[in-house]
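See structure below.
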Amino acid sequence: MTQEFFWYAQLPDKSLAKGIELANQLYWHIVVSEHHGMWYIWAGAGESLIFKTDSKESADAFLYGLALAYAVLPEQVFEHLKTEVKQWVE
């Protein structure tokens, strides 16, 4: 099976870690952990389990999707979204 990820360049610094930082600006507070071959992705700094898999590739795909959802937004739109989300959580 051949796969090509064309939107990788849309992430800040072409980095998944930077993409997660982008999502965290919107108060996702993503935490990723691995335990006995299972990958866990938590929101709210470990309060809410949002994804679990036995595949690192699946965990990465989930995180790339989350990060890209915000990375492709025009900067003005993202900044407005940050302002709105901040009002909900603070």
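The values are calculated or read from the model by the stated rules, or taken from the named source; none is laboratory data. As the structure is a computational prediction, the values presented were derived from the model and not from experiment. Cβ: placed from backbone, ideal geometry, glycine included. Neighbour counts: every protein chain shown. Accessible surface is based on the protein model in full, side chains and every heavy atom, while ligands, DNA and RNA are left aside. Shrake-Rupley method; radii C 1.70, N 1.55, O 1.52, S 1.80 Å.
Amide H contacts of residue 39 (H built 1.01 Å from N, in plane; Pro and chain starts excluded): 53, 54, 55 sit under 5 Å, all sequence-distant by 5 or more or on other chains.
The C-alpha radius of gyration of the chain, expressed as a fraction of 2.2 N^0.38 Å, stands at 1.15. The label-point distance for residue 1 and residue 54, in a model that sets each label 7 Å from Cα toward Cβ, rounds to 1.6 nm. Pick from 59, 71, 23: which is most flexible by mean-square fluctuation in a GNM of the chain where alpha carbon atoms under 10 Å apart are linked? Checking each option, the largest mean-square fluctuation is seen for 59. Fully extending the segment from residue 10 to residue 34 would add 6.0 nm, taking 0.36 nm per residue of separation and subtracting the current Cα-Cα distance. Solvent-accessible area of region 1-85 (1.4 angstrom probe, protein heavy atoms only): carbon and sulfur portion equals 54 percent. The residues of the chain present an accessible area of 70 Å² per residue when probed at 1.4 Å with all protein chains retained.
Tell me the mean residue ellipticity at 222 nm calculated for the chain from its helices only (DSSP H runs of n ≥ 4, each -39500 (n - 2.57), averaged over every residue, nearest 500). Only helices count here, giving -14000 deg cm²/dmol.
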